[in-house]
Amino acid sequence: MVNNVNSLYTSIMHNTLIVDNSSPEIERLYSLNLFTWVNSRLIPKDSIDQAIDYLEITKDDIDLIIVRYKENNSSQLKTLKEKLDEQGVKSPVLVVGTKSGEIADFTYIESILDIKDIVKYSAIMLKTTAASMAHLKVPDYFPIPVEFFSYITSPTFKIFKKSGEDFVLHLESDDEYTLRELDDFLKDYDTPYLYVLSDQRLHFVSYLSQEIVNQISFRELSDNDKITAADMTQFLLSKKLKKMGITPQTLKMAKRNMEVMITDSKMSPTVNSLMKKLMSNKASYLFKHSQVLVYLCMHIMDHIEWGNEEQKKTLSFVAFFHDVMLETDDQARIHSQQELDESRLTPVEKKLVLEHAQKAAEIVQKYPKAPMGADTIIRQHHGIPHGIGFSEYYSGKISPMTIVFILAEELADDILRTSPEFNIKAKIRKMRDKYPTQRFKKILDILDEIPM
Ligand SMILES: [Fe+2]
Ligand SMILES: [Fe+2]
């Protein structure tokens, strides 16, 4: 029975031609997602010329063509269009990596990492509706091509292998030992698929996609896609930090993503220029609010009399790590006990929100050469000295650097919530009423003058 469904599933498979000569990881990412979401196999070609040659032979067998836009292949897109018309090939073309283009019949997607849109448009072009995607009849054990398993760095899924007509549990899996075992197994396994339970396949694919994006070199990516990549892998980093703490792997991931935030802040002369970049990107609130925080903290440290380079580094580090234990935007938007009580979060999530400052501080204490005092600011970033819970009354135990961070976070939240209609003067006026004492005045004066 399972076998019949399995062969039915593969027999209705679509064929997608992909043209990209620069990144095997991008090819893998598309291959995994198109296979899972729209039941298509990917046929890679290095250039548009190669694709045209291939189409001459296969003609109608190709259901979709995806071309990664590069400056040096843009003129060839016209040639591709002419050849398709000449040969009467009806395959639709999706161009990824550019917002728009000259050929009206082609569909353009700006971000090469916008998997959601790439899958959505591929589905439309392959005439696979959203409903049929969700209810696609899949076997009980969902096949995943074996080469994808080499991207796994922390197995959290049951993995099955096929033995005759049966599926047997191969890895129960949640520890490093089974990861080594998986490696050995992959070396001499000679069938094309391993299997996950079908109802877990979409979670598994989203996890694997993050692992693959983590392997993509940033040199390959536009500035916009660097933000997307950092956002996608930030969630993975959070999970790995919870599970393994600071390791060479998590350290490398953190440094890479922190670099994106700091460089982006340095390259933005005004709040609006940064916001323009962030608004056109689909990254999470969790990521964006940390990014705006880096920007605001750097600005304050540049203008407050006791600010220096060292403290700029500390606050950027804090902005990156302060909410690293949180998993969703809804969790990150909570800034008071009342908001937490009124939220629809589950009890487990509520506990995580209550403790996230303390937990992140514990992680950072083990970070090699972390900036001095960063763990304290992280622990206190919701106004509670020991890091569990929220307070809006800041005792003398809360350091001046923490006060800077708390005010910057309140402003960052407001900027993100109200952009592009953000009114800095009105917000600072409200904050002056809320924080009337001398401790806050200087910081609010500086924020009042921030170049918009
Ligand atoms: Fe936060
Ligand atoms: Fe927080």
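Values as computed for the structure displayed
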{"item": "Descending Cα extents along the principal axes, region 11-134, whole Å", "result": "37, 28, 27"}
{"item": "Peptide ranges 344-351, 269-276 listed from the most packed, as the mean C-beta count within 10 angstrom indicates", "result": "269-276, 344-351"}
{"item": "Dipole magnitude of region 317-425 about its Cα centre (Cβ charges: Lys, Arg +1; Asp, Glu -1), debye to nearest 20", "result": "460"}
{"item": "Set Lys240/Lys282; Lys120/Lys226; Lys116/Lys158; Lys350/Lys397; Lys127/Lys239; Lys313/Lys442 screened for pairs whose C-alpha atoms are more than 29 Å apart", "result": "Lys127/Lys239"}
{"item": "Within straight-line cross-link reach of Lys187, aspartates and glutamates at Cα separation under 13 Å, skipping those fewer than 8 residues along the same chain", "result": "Glu147"}
{"item": "Region 11-134, dipole about Cα centre (Lys/Arg Cβ +1, Asp/Glu Cβ -1), debye to the nearest 20", "result": "380"}
{"item": "For q = 0.08 Å⁻¹, Debye-computed log10 I/I(0) when each Cα of the chain counts as one equal scatterer", "result": "-0.56"}
{"item": "Selection from Val348, Asn423, Phe106, by position along the positive dipole direction of the chain (Cβ)", "result": "Asn423"}
{"item": "Magnitude of the charge dipole, the chain, Cβ model with Lys/Arg +1 and Asp/Glu -1, debye to 20", "result": "1280"}
{"item": "Euclidean distance of C-alpha centroids, region 277-339 and region 384-414, integer Å", "result": "12"}
{"item": "Ordering of 209-217, 288-296, 419-427, 330-338 by burial proxy (mean other Cβ atoms within 10 Å per residue, highest first)", "result": "288-296, 209-217, 330-338, 419-427"}
{"item": "Dipole axis of the chain (+1 Lys, Arg; -1 Asp, Glu on Cβ), positive-most option in Ser399, Ile216, Ala332", "result": "Ser399"}
{"item": "Positive-end extreme of charge dipole, the chain - chosen from His299, Gln76, Leu274 (charges on Cβ)", "result": "His299"}
{"item": "Percentage relative contact order, the chain, counting C-alpha pairs under 8 Å, at least six apart", "result": "10"}
{"item": "Over the chain: helical MRE at 222 nm, DSSP H runs n ≥ 4 each giving -39500 (n - 2.57), nearest 500", "result": "-17500 deg cm²/dmol"}
{"item": "Average Cα contact separation per residue, region 222-448, under 8 Å, 6 or more apart, as relative contact order %", "result": "19"}
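Quick note: the coordinates plus some simple rules give every number you see, no bench work behind them. The structure displayed is predicted, hence computed values, not measured ones. As a convention, Cβ positions derive from the backbone with ideal geometry for all residues, glycine included, and neighbour counts pool all protein chains shown.
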